[in-house]
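This report concerns only the one structure given below.
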Amino acid sequence: MLAIAAILPLFFLFIWVFTVKMPGPAFTGTLRPLTPDQTRLRTALEQHVRALAQNIGVRSDREYRNVERAASYIESALRALGYTVEIQEYSARGLVWRNIEATLRGANRFQQVVVVGAHYDTAEEAPGADDNASGVAGVLELARYFAGSPQSRSIRFVFFPNEEPPSFPSAAMGSRHYATAARMRNDQIVAMMSIESIGYYDTEKGSQRYPFPLNLAYPDVGDFIGFVSNLKSRPLLHRAIAAFRAHATFPTQGAAAPSWVPGVWWSDHWSFWREGYPAIMITDTAPYRYPFYHTPQDTPDKLNYDRMARVVDGLRHVVTAAANW
């Protein structure tokens, strides 16, 4: 018992210093009304989510045609913004899948790359409004914001198939193929941001749940956007959440945790960790908050587009910082 009592303070100190402590003050208080730009952003985000989750619907491995329809929707949206779209095709389970990439070439440090990515497939039987039409919508609108405005580093907006089971975590994932190819080319990816389920928020006490040991350190109200990384990507996480907090008035939580903690590695950023690239996930924490996670009820009417617009508006400052620091 004495040994346990001696270890516990060190354990909690580790959680605080390495996992919880984040730079900059987190926003608290009443949210301001949307600005005109945020209102326009809100409308665009909802249109993308409805196009993917309502008009197209389930985008799982069993609905390959819908996966292709979603890919075509994304390609058309990027081309309409003036981007040249690159396609990385690969085969898995007897089908051809497509990673979709649009690049904003950097003004001077163009060899260095910031990847902003989201997966466009869904779990079986799930229309995937939050997981992950919300992430796709966010990346498309970030691509719109930066179109024609080069930053110092290059920015790649990338959309992946096959993030969900049964592909996760396997070589069938689109992000696995993408990250592996990037490493083989020796691409200088300085930051990867996986935009993963960003549309659901709940202000009721008890609405947020966490796995151990994160449940010891975070609030139980699901009104925030989360920034998540493994310990190796902690410097990127700190810079990203600091940029968000400096410009956005929206609640945030950050966690730089060991990759074995459940949920920390559950998306496309994991593929980049495997190749040694710094990567983070930006998320509403999905299964630890969203009651309709991976179900047929994950529909567009469940999302809070006002809050989602505030998040995406804040993320443009994160991407700007990453492309210029």
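The values are calculated or read from the model by the stated rules, or taken from the named source; none is laboratory data. Predicted model only: the values in this text are computed from it and were never measured. Glycine also receives a Cβ, built like all others from the backbone with ideal geometry; neighbour counts cover every protein chain displayed.
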On the basis of being more than 22 Å from Tyr288 (Cβ to Cβ) and of a type outside the set (Gly, Ala, Ser), does Arg156 make the cut?
yes
Looking at (1) out of contact with any Ser or Thr (no Cβ under 7 Å at 6 or more places or on another chain); (2) free of Cβ contacts under 8 Å to residues at least 24 places away in the same chain, which one does Leu140 not meet, given that it meets all the others?
(2)
Near pairs, Cβ below 9 angstrom, 6+ apart or cross-chain, from region 51-70 (farther than 17 Å from Lys302 by Cα and modelled with pLDDT under 95) to any residue that is among the aliphatic types (A, V, I, L, M) and surrounded by fewer than 17 Cβ atoms within 10 Å (Cβ to Cβ):
Asp61/Leu95
Only one of Asp306, Asp298 is in contact (Cβ under 8 Å) with a residue 60 or more places away in the chain, over 20 Å from Met193 (Cβ atoms) and part of a helix (DSSP H, G or I), namely Asp306
Residue by residue through region 19-46, note down the ones that are modelled with pLDDT under 90, surrounded by 14 or more Cβ atoms within 10 Å (Cβ to Cβ) and out of contact with any strand residue (DSSP E or B) (no Cβ under 6 Å at 6 or more places or on another chain).
Val20
Sort through Ala243, Ala217, Ala256 and tell me the only one that's more than 23 Å from Asp121 (Cβ to Cβ), out of contact with any strand residue (DSSP E or B) (no Cβ under 7 Å at 6 or more places or on another chain), crowded, with 18+ Cβ neighbours inside 10 Å and in contact (Cβ under 8 Å) with a residue 24 or more places away in the chain.
Ala243
Quick one: which strands (runs of 3 or more DSSP E) sit completely within region 60-148 and have at least 2 residues that are of a type in the set (Asp, Glu) and surrounded by fewer than 20 Cβ atoms within 10 Å (Cβ to Cβ)?
85-92
Could we say that Tyr200 is at negative phi, modelled with pLDDT of 95 or more and part of a loop (DSSP other than H, G, I, E, B) here?
yes
Filter result for Gly117 (modelled with pLDDT of 95 or more, within 26 Å of Ala322 (Cβ to Cβ) and not polar (S, T, N, Q))
yes
What number of residues in region 266-295 are within 27 Å of Phe27 (Cα to Cα), assigned to a loop (DSSP other than H, G, I, E, B) and either under 12 Å from the mean Cα position of the chain (by Cα) or without any contact (Cβ under 8 Å) to a residue 24 or more places away in the chain (or both)?
5
Residues of region 150-171 satisfying the condition of being touching a residue at least 60 places away in the same chain (Cβ under 8 Å) and in a loop (DSSP other than H, G, I, E, B):
Gln151, Ser152, Pro161, Asn162, Glu163, Glu164, Pro166, Ser167, Phe168, Pro169, Ala171
The condition of being part of a loop (DSSP other than H, G, I, E, B), under 30 Å from Arg40 (Cα atoms) and of a type in the set (S, T, N, Q) holds, among Thr320, Thr249, only for Thr249
Of the residues Val136, Val85, Val114, which single one is within 19 Å of the chain's Cα centre (by Cα), closer than 16 Å to Ala70 by Cβ and not acidic (Asp, Glu)?
Val136
Does Ala44 count as outside any helix (DSSP H, G or I) and farther than 28 Å from Arg183 by Cα?
no
